[in-house]
Amino acid sequence: MSEWDKVIPKPKSRFYRIKCPDCGNEQFVFSHATTIVHCNVCGAILAEPSGGKTVVNGEVTAILD
Ligand SMILES: [Zn+2]
């Protein structure tokens, strides 16, 4: 266990499977992402952080606990 693991609180977090609105690619995005998440295929923004919550720009097709 690293120092980093001890400092970071563990809120309930999930992974969202998000469908890219531009190219239809589906990829997993952490529900508490702290950086902008781009589509791996076309580079469109799929999710961006906003006050501790992630704003999703595509369609959420699945949620994994
Ligand atoms: Zn895309």
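Annotations for the structure displayed:
- Qualifying residues in the range 1-27 (those that are part of a strand (DSSP E or B) and at pLDDT 95 or above) - the one least open to solvent (accessible area, probe 1.4 Å): Ile18
- The range 47-58 residues that are over 19 Å from Glu26 (Cα atoms), paired with ones that are charged (D, E, K, R) (beta carbon under 7 Å, 6 or more apart): none
- Matching residues, the range 35-56, being touching a strand residue (DSSP E or B) at 6+ places or on another chain (Cβ under 9 Å) and open to solvent by less than 60 Å² (accessible area, probe 1.4 Å): Val37, Cys39, Ala44, Leu46, Ala47, Pro49, Thr54, Val56
The values are calculated or read from the model by the stated rules, or taken from the named source; none is laboratory data. Everything numeric in this text was worked out from a predicted model, so none of it was measured. Backbone-built Cβ (ideal geometry, glycine too); neighbour counts: all protein chains shown. Accessible surface is based on the protein model in full, side chains and every heavy atom, while ligands, DNA and RNA are left aside. Shrake-Rupley method; radii C 1.70, N 1.55, O 1.52, S 1.80 Å.
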